[in-house]
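Student: Dropping a structure here in structure tokens format, bear with me for questions.
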Amino acid sequence: MTGSSDSTWGSAPVVGDDWGAAAPEITYRVRVGPERIAVLLDCPDPHADLDGWAERIHADLIDLDLPEYPDPPTIRHLLADSCLPGDDLAAHPLVMGRAPVPSMNAHLAWTHDYFATGWLIDEQSDRIDYREKVERCSVHRNELLLRLHHATEGEPGLDVFLNALPVDKPEKVRVRCGKGVREVAEENSTAYYAAIDGRLRFVDDTVTVDEVYHVKGDVDLATGNIHHAGSVTVEGDIRDGALVEADGDVVVKGMIEKATVVCGGSLTVAGGILGDPGRKVRVTGDLEARYINKADVKVQGEIRVTRQILQSQVRALGRILVPTGRAAGGLISALAGIEIGTAGAPGATHTEFEAGIDFQLQDQMAIYYRKIEKLEETLVPIESEVRHATADPVRAEAPEFRGIVESLTAQRMMIQESISEQYMHLDTLQQISAERARFHVVIFEAVWSGTSFRLGEARVDVKKSIEKPRIAVRREDRARVVPLGVANLPHGVKLPPGVTLPGEIPVE
């Protein structure tokens, strides 16, 4: 027997696909098991000739080119102890490696479903209560919000040939502790508690509790414009000409009437949004409203509307969902796809739907291009100075010039690295946008003439109204409006109540 290692002789049962109870007839075999963690023995009852079987098994172990293996006396002892006379051996371990211990990925464990979306529904009447959301973002001081369970490194294993069996690196999760939150280190996790009463936010991997600004009535001339670092709750309306700016969520129990709202979190409007030229609604999170009428709306998250979008310019980086309502007139654009009850309306002005379009990508890219341009402008005089300083090699090596050349060269390298970083950011922006893009508009009830669909660079105009479920999709760089069925319903799309689809795509 060779020198010592982590391998052992038949020390424990090993689980594998083909290890288990003995078959009715056992054929002798010495083999390497799954993942090469063990050498297994299939053998009829060995007690009649323990010495003979030990020699035969030993010879077969030599043929496997194992780094170490038991000698015949040890094998004889193992055979004698492994079964009773008359019993066969099936998938019995002779040589054992060490199974790897898998890594554990980091993960978040929230104490409640704080960020659930939608409105409460009365169970008896089945009516939506637009004054009560199902989310639970209002938290209290010292309330445990979540735990971050840290990643745990696994332990590599060892096969019977003394080769390492690697384990995957665990995935880490990053959480930053924002204002209004305190963190407590635990043995294998970090706990996050609310430090104040307020409203919970989780944006850009940062957990924050905002102090909520409550407006008991309307936002109007009496209250003045609102600029708040946290969240805002308005019990009434945001009236004509008012301005509300909040870093957190904004909840409006009434309506937004020809006002400007800039929201760093999510915006919830129990009533609707009535726009006006020069007024705008800008939302970093999601938007929920009963209707949007003649408004200019841009949302970085998802838009959910229960009734209708009329004569508006509405753009989102998430989905736009109006599954039981309609959108008519203006522009409805969503990077992650659109779901609508009725597209367009009889006699309505032109309605444009866009899917897979990132409304802010060009502006974001322009910022980086301007940074690159300024860096390149800064680089020009430095490059000129370096060329001038090194034009005369003798002078460049002089002590009084050497330091200047080295400093200029270092500056040039730093600027070139900054330019490379900006290009990396550009690539990342485009990649993220491409990954989120969904080129479909799902129509559950009807699509009316005068409606157009733009899916990326492809476009199709609807010239004849169709009062049936349809889907606008992109096929071979062409946009088409085709019948909607279960077979081509996009993943994640839920049918509204009362809508049923055929199992196959109907041919029309």
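Student: Could you go through the range 58-72 in sequence order and give the Karplus-derived ³J(HN,Hα) for each residue, using 6.51 cos²θ - 1.76 cosθ + 1.60 with θ = phi - 60°, rounded to whole Hz, and x for Gly and Pro?
Tutor: Each residue's phi maps through the Karplus curve to give 4, 5, 5, 5, 4, 5, 6, 6, 6, x, 8, 6, x, 7, x Hz.
Student: Apply the Karplus parameterisation 6.51 cos²θ - 1.76 cosθ + 1.60, with θ equal to phi minus 60°, to every residue of the range 206-219 and state each ³J(HN,Hα) to the nearest whole Hz, in sequence, with x for glycine and proline.
Tutor: With the stated coefficients, the range 206-219 comes to 10, 9, 9, 10, 8, 6, 8, 8, 9, 10, 6, x, 8, 8 Hz.
Student: Give me the percent relative contact order of the chain, please, defined on Cα pairs under 8 angstrom at least 6 residues apart.
Tutor: Values: 1228 pairs, mean separation 34.9, N = 508.
Rounded, it is 7 percent for the chain.
Student: Report, by chain and number, residues whose modeled amide H sits under 5 Å from the one on HIS228, excluding near sequence neighbours (fewer than 5 apart, same chain).
Tutor: Long-range HN contacts for HIS228: GLU245, ALA246, ASP247.
Student: Under a point-charge model restricted to the Cβ atoms of Lys and Arg (+1) and Asp and Glu (-1), what is the dipole moment magnitude of the range 429-508 relative to its Cα centre, in debye to the nearest 20? Intermediate results must be reported in sequence, preceding the final value.
Tutor: Working: 13 positive and 9 negative charges, 31 e Å.
I would put it at about 160 debye.
Student: Through the Karplus equation 6.51 cos²θ - 1.76 cosθ + 1.60, θ set to phi - 60°, convert the phi angles of the range 194-203 into ³J(HN,Hα) values in whole Hz; use x for Gly and Pro.
Tutor: Here the 3J(HN,Hα) series is 6, 8, 9, 6, x, 10, 7, 10, 9, 10 Hz.
Student: Quick one: which of 215-227, 329-341 comes out on top by average Cβ neighbours within 10 Å, and what's the full order, highest first? If you can, show how the numbers build up before the last one.
Tutor: On the way: 215-227: 14.9, 329-341: 23.3.
So the order, starting with the most tightly packed, is 329-341, 215-227.
Student: I need two numbers for the range 418-470: Rg to one decimal and Dmax as a whole number, Cα atoms only, in Å.
Tutor: When restricted to Cα atoms, the range 418-470 yields Rg and Dmax of 17.8, 55 Å.
Student: Show me, bin by bin at 10 Å from 0, the whole-percent P(r) of the range 339-402 based on Cα pairs.
Tutor: Bins of 10 Å from zero give 15, 20, 16, 14, 12, 9, 7, 7, 1 percent of pairs.
Student: Would you mind checking which residues have amide H under 5 Å from ALA242's amide H? H placed 1.01 Å from N; only 5 or more apart, or other chain.
Tutor: THR260
Student: Say the dipole of the chain comes from +1 at the beta carbon of Lys and Arg and -1 at that of Asp and Glu; which of SER407, TYR69, PHE439 then lies farthest toward its positive end?
Tutor: PHE439
Student: Among (i) 20; (ii) 52; (iii) 25, find the value of percent of Cα pairs over 40 Å apart that was calculated from the structure presented, and write down its label.
Tutor: (ii)
Student: Sequence-distant or interchain residues sharing an amide H contact under 5 Å with ARG304, placed H: which?
Tutor: LEU287, GLU288, ALA289, LEU321
Student: Okay, next question. At a 1.4 Å probe, what is the % contribution of carbon and sulfur to the accessible area of the chain?
Tutor: On the way: 13450 of 27100 Å².
Within the chain, the accessible surface is 50 percent carbon and sulfur.
Student: Roughly how many Å² of VAL482 are accessible to a 1.4 Å probe, to the nearest 10?
Tutor: Here the residue's solvent-accessible area equals roughly 10 Å².
Student: Before I look further, what does the chain give for accessible area per residue, probe 1.4 Å, in whole square angstrom?
Tutor: Normalised by residue count, the accessible surface of the chain is 53 Å².
The values are calculated or read from the model by the stated rules, or taken from the named source; none is laboratory data. Worth saying up front: this structure is predicted, and the values here are computed from it rather than measured. Positions of Cβ are backbone-derived with ideal geometry, glycine not excepted, and every protein chain shown enters the neighbour counts. For accessibility, only protein heavy atoms count, side chains too; no ligands or nucleic acids. Shrake-Rupley method; radii C 1.70, N 1.55, O 1.52, S 1.80 Å.
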